[in-house]
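Colleague: Let me give you the structure first, and then I'll get to my questions.
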Amino acid sequence: MAEDSLTLTKLREKFAGHIVETHSFRGDDTASIQPAAIVPVATFLKVDPELDYNYLMDLTAVDCLRLGKPYRFEVVYHFFSLAKKHRVRVKLPVEARNPEVNSISSLWAGADWYEREVWDMFGIKFRGHPNLKRILMYEEFEGHPLRKDYPIRKRQPLIGPGSPSQPQPK
Amino acid sequence: MFSQGFVTSRLEKAIGWARKYSLFQYPFVTACCGMEYMAAAASHYDIDRFGAGFPRFSPRQADVLWVVGTINHKMAPVLKMVYDQMCEPKWVIAFGVCTCTGGFYDNYATVQGIDTIIPVDVYIPGCPPRPETVLDGLMKLQEKIQHSRQEF
């Protein structure tokens, strides 16, 4: 596919060995990179004066359990440059066993809570995160509810029927 | 009746009458139903006509707990604690379908009806309920208060 976006060209030049795949669909740039490269890539996107991605718009994950992919999760970053008005999506394929990627919360403070949310919902750990604990669910909650293998009917109430103090009458 | 200068009543009935027209409310507002609660409480629908115009933001001073909006499992112990802090006599209104049954939030996070945690006197369904429905629910509660046994 013909690509002439500045971001993808520069990324492919600088991180040739770490880029899994790139594409640009109707002007939306996406780069899949190896998980180990996220901190150098994010740093490059942030500090390169031509790219100047100073804003982390979103950080989330996808559980690809039944999507027939060779990996289990995708961690997805959306970067935006307020000055240059361009954006890029970076995806990391992550394995099912002990999913863990490096934290970028030292680069964008906003990544702190995003990473906690991804940990809470998907159980993906972020190496180097200052305070990686649940952000939405309660500490007593077991498992990660947005994983596709979390039982859809499973409830973990703290009080009331079905809670530890009041087991569910069957 | 009044021209003769006196009124006869049963004490219980008089107390019920007083209680139903001086409902201090505690609005436990968590979600979008709060907007509809405000609409019902503000001047256009004017909940004050029913003697329930005085929200108290301390459960210890409140008579009616309005649970307005989705309650999730993380919130449930808080709601229970607020309810436990209220003095008798006390009543609970489940405002909106989320508080009645969980609504369409049938998932890992949401309490499937607050009556699994605390007793409920009046259920007001709707997503969100119209102010007319809210006022109807309030009048149902007043009826219930009037006709219940008064402890004092």
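Colleague: Which of the lysines could a cross-linker span from B:Lys144 if the Cα-Cα distance has to be under 30 Å and same-chain partners fewer than 8 positions apart are dropped?
Modeller: B:Lys13, B:Lys20, B:Lys80, B:Lys90
Colleague: Moving on to the next point. What list of ³J(HN,Hα) couplings, whole Hz, do you get for region B:76-91 from phi and the Karplus terms 6.51, -1.76, 1.60, once you set θ to phi - 60° and write x for glycine and proline?
Modeller: Calculated HN-Hα couplings, in order: 3, x, 5, 4, 4, 5, 4, 4, 5, 7, 6, 8, 6, x, 9, 9 Hz.
Colleague: Using the Karplus equation 6.51 cos²θ - 1.76 cosθ + 1.60 (θ = phi - 60°), what ³J(HN,Hα) coupling, rounded to whole Hz, does each residue of region A:70-86 give in order, writing x for Gly and Pro?
Modeller: Running phi through 6.51 cos²θ - 1.76 cosθ + 1.60 with θ = phi - 60° gives x, 10, 8, 10, 10, 9, 10, 10, 10, 10, 9, 9, 5, 7, 8, 6, 10 Hz.
Colleague: Given a cut-off of under 8 Å on Cα pairs at least six residues apart, what relative contact order in percent is computed for chain B?
Modeller: On the way: 264 pairs, mean separation 39.4, N = 152.
Here the relative contact order equals 26 percent.
Colleague: When the helices in chain A are scored as -39500 (n - 2.57) per DSSP H run of 4 or longer and the sum is shared across all residues, what 222 nm value do you end up with, to the nearest 500 deg cm²/dmol? List each step's numbers first, then the result.
Modeller: Working: 3 runs with 31 residues, N = 170.
Mean residue ellipticity at 222 nm (helix-derived): -5500 deg cm²/dmol.
Colleague: Here is a follow-up. Using the Kirkwood radius over C-alpha pairs as Rh, can you work out the diffusion coefficient of region A:1-132 via Stokes-Einstein at 20 °C, viscosity 1.002 mPa s, in µm² per second? Can you show the working numbers first?
Modeller: Numbers: Rh = 15.0 Å.
The Stokes-Einstein estimate is 143 µm²/s.
Colleague: Would you kindly derive the ³J(HN,Hα) couplings of region B:62-74 from the backbone phi angles with the Karplus curve 6.51 cos²θ - 1.76 cosθ + 1.60 (θ = phi - 60°), listing them in order in whole Hz, with x for Gly and Pro?
Modeller: Taking θ as phi minus 60°, the curve returns 9, 9, 10, 9, 8, 9, 10, x, 4, 10, 9, 5, 5 Hz for region B:62-74.
Colleague: Give me the lysines in straight-line cross-link reach of A:Lys91: C-alpha distance below 22 Å, same-chain residues under 8 apart excluded.
Modeller: A:Lys10, A:Lys14, A:Lys46, A:Lys69, A:Lys125, A:Lys148
Colleague: Now for a different question. Rounded to the nearest 20 debye, what is the charge dipole size of chain B about its Cα centre when +1 sits on each Lys and Arg Cβ and -1 on each Asp and Glu Cβ? Please report the intermediate quantities before stating the final value.
Modeller: Numbers: 14 positive and 14 negative charges, 61 e Å.
It comes to approximately 300 debye.
Colleague: Ignoring solvent entirely, what values of log10 I(q)/I(0) come out of the Debye formula for region A:85-170 at 0.17 Å⁻¹ when each Cα is a single scatterer?
Modeller: Cα-only, vacuum Debye calculation for region A:85-170: -0.81.
Colleague: Return the long-range amide H neighbours of A:Ala61 (sequence gap of 5 or more, or a different chain), with a cut-off of under 5 Å between placed amide H atoms.
Modeller: A:Val76
Colleague: Peptide B:102-108: average number of partner chain Cβ atoms within 10 Å per residue?
Modeller: 3
Colleague: Calculate how steeply helix A:38-47 sits against the longest principal axis of the alpha-carbon atoms of chain A, using the helix alpha-carbon long axis, and give the answer as 0 to 90 degrees to the nearest 10.
Modeller: The two axes meet at around 50 degrees.
Colleague: Using only the alpha carbons of region B:44-152, what is the convex hull's orientation-averaged projected area in square nanometres? Each step should come with its number before you reach the end.
Modeller: On the way: hull surface 28.3 nm².
For the Cα atoms of region B:44-152, the hull's average projected area reads 7.1 nm².
Colleague: Moving on to the next point. Could you name the aspartates and glutamates in cross-link range of A:Lys133, using Cα to Cα under 18 Å and dropping any fewer than eight places away on the same chain?
Modeller: A:Glu100, A:Asp112, A:Glu115, A:Glu117, A:Asp120, A:Glu142
A short reminder: the numbers here are calculations on the coordinates, not readings from a lab. Remember, it's a predicted structure, so these values are computed and weren't measured experimentally. As a convention, Cβ positions derive from the backbone with ideal geometry for all residues, glycine included, and neighbour counts pool all protein chains shown.
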